[in-house]
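Here's the structure we're looking at; comments come further down.
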Amino acid sequence: DAGVIQSPRHEVTEMGQEVTLRCKPISGHNSLFWYRQTMMRGLELLIYFNNNVPIDDSGMPEDRFSAKMPNASFSTLKIQPSEPRDSAVYFCASSRTSGGSTDTQYFGPGTRLTVL
Amino acid sequence: AQTVTQSQPEMSVQEAETVTLSCTYDTSESDYYLFWYKQPPSRQMILVIRQEAYKQQNATENRFSVNFQKAAKSFSLKISDSQLGDAAMYFCAYREGAGGTSYGKLTFGQGTILTVHP
């Protein structure tokens, strides 16, 4: 069974450009999480979807960040316009959730974003 | 808010020896889960072991075991017979149980870099 798939693995862009990160969760998982990892802040949750619906986006840093999950097998995280301080590794994770209980989260390989 | 603290930024161990990584957490919840994730240089986050707070028995997975002290809010990871492939950053993580308000959010510690010497 394929794990969580993320693309691209690496992204280098210039300040002001739009960046779109993509994620395909594990088949059968109904919860999807976007995390960001930086040296300063460590790993932090940006947004969480359950059954394609955004449940908690309190971790999204500002309006420049947006996330969508149009169907159960695909999600995007968009940054527009990008800034150098957005440089980080962005992880997508998925799990099964039922009855309010979330199972173990499995992570994708991450996207390393560099904004020049 | 829940917090997770890993007080050892770096640890080292000789191959075939045993090492213990420390983790403490703060929560007012009674139902929660604790995890150890491994992040090798490839940066992939790999689940090592999981512990349910309602279980008194410590979890084990092959060479990996935990010492879960609920009253002390301590959750250490023991790696036995260390191998070169165990070298990585290790993260301790906390998650509320069913009915919590954090909706499955993982709260991570700062990480511990483990070096394995041949």
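The values are calculated or read from the model by the stated rules, or taken from the named source; none is laboratory data. Here the structure is a predicted model, which is why all the values come from computation and not from measurement. Ideal geometry is used to build each Cβ from the backbone, glycine not excepted, and the neighbour counts take in all protein chains shown. What goes into the accessible areas is simple: the full protein's heavy atoms, side chains included, and nothing from ligands, DNA or RNA. Shrake-Rupley method; radii C 1.70, N 1.55, O 1.52, S 1.80 Å.
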Original post:
Which condition number does B:GLU29 fail, the rest of (1) farther than 24 Å from A:PHE107 by Cα; (2) open to solvent by less than 40 Å² (accessible area, probe 1.4 Å); (3) within 14 Å of another protein chain (Cβ to nearest Cβ) being met?
Top reply: (2)
Original post:
B:ARG43 is checked against (1) assigned to a strand (DSSP E or B); (2) of a type in the set (Lys, Arg); (3) surrounded by fewer than 18 Cβ atoms within 10 Å (Cβ to Cβ) and fails just one. What number does that condition carry?
Top reply: (1)
**OP:** Select from region A:44-59 the residues that are more than 8 Å from every other protein chain (Cβ to nearest Cβ), under 12 Å from A:LEU32 (Cβ atoms) and either among the aromatic types (Phe, Trp, Tyr) or surrounded by fewer than 19 Cβ atoms within 10 Å (Cβ to Cβ) (or both) and list them in ascending order.
**Re:** A:PHE49, A:ASN51, A:ASN52, A:VAL53, A:PRO54
Original post:
Pick from region B:5-26 the residues that are assigned to a strand (DSSP E or B) and of a type in the set (Ser, Thr, Tyr): which of them is nearest to the other protein chains (Cβ to nearest Cβ)?
Top reply: B:THR5
**OP:** Output the residues belonging to region B:72-118 that are part of a loop (DSSP other than H, G, I, E, B), more than 18 Å from B:GLN44 (Cβ to Cβ), hydrophobic (A, V, I, L, M, F, W, C) and modelled with pLDDT of 90 or more.
**Re:** B:ALA72
Original post:
Of the residues that sit in region A:26-43 and are under 10 Å from the mean Cα position of the chain (by Cα) and within 21 Å of B:LYS38 (Cβ to Cβ), which one is surrounded by the fewest Cβ atoms within 10 Å (Cβ to Cβ)?
Top reply: A:ARG36
Original post:
How about region B:24-45: which of its residues are touching a strand residue (DSSP E or B) at 6+ places or on another chain (Cβ under 8 Å) and free of Cβ contacts under 8 Å to residues at least 12 places away in the same chain?
Top reply: B:ARG43, B:GLN44
Subject >> Hey, A:ASP63 of a type in the set (D, E, K, R), open to solvent by 60 Å² or more (accessible area, probe 1.4 Å) and either more than 25 Å from B:TYR94 (Cβ to Cβ) or touching a residue at least 40 places away in the same chain (Cβ under 8 Å) (or both) or not >> reply: yes
Original post:
Is it the case that A:ILE26 is at negative phi and away from chain B (no Cβ under 11 Å)?
Top reply: yes
**OP:** Could you pull out the residue among B:ARG63, B:ARG50 that is among the basic types (Lys, Arg), open to solvent by 40 Å² or more (accessible area, probe 1.4 Å) and closer than 26 Å to A:PHE33 by Cα?
**Re:** B:ARG50
Subject >> Candidate set: region A:1-25, residues that are more than 14 Å from the chain's Cα centre (by Cα) and not in a strand (DSSP E or B); chosen: the one surrounded by the fewest Cβ atoms within 10 Å (Cβ to Cβ) >> reply: A:ASP1
Original post:
If you check A:ASN71 against the conditions, is it over 14 Å from the mean Cα position of the chain (by Cα), on the phi > 0 side of the Ramachandran plot, open to solvent by 60 Å² or more (accessible area, probe 1.4 Å) and not β-branched (Val, Ile, Thr)?
Top reply: no
Subject >> Where A:VAL89 falls short, out of the listed (1) within 11 Å of chain B (Cβ to nearest Cβ); (2) out of contact with any Leu (no Cβ under 8 Å at 6 or more places or on another chain); (3) β-branched (Val, Ile, Thr); (4) farther than 18 Å from B:ARG95 by Cα >> reply: (2)
Subject >> Residue among B:LEU47, B:LEU21 that alone is of a type outside the set (Gly, Ala, Ser) and modelled with pLDDT under 95 >> reply: B:LEU47
**OP:** From (1) charged (D, E, K, R); (2) within 17 Å of B:ALA72 (Cα to Cα); (3) open to solvent by 70 Å² or more (accessible area, probe 1.4 Å), pick out the condition that doesn't hold for B:GLU17.
**Re:** (2)
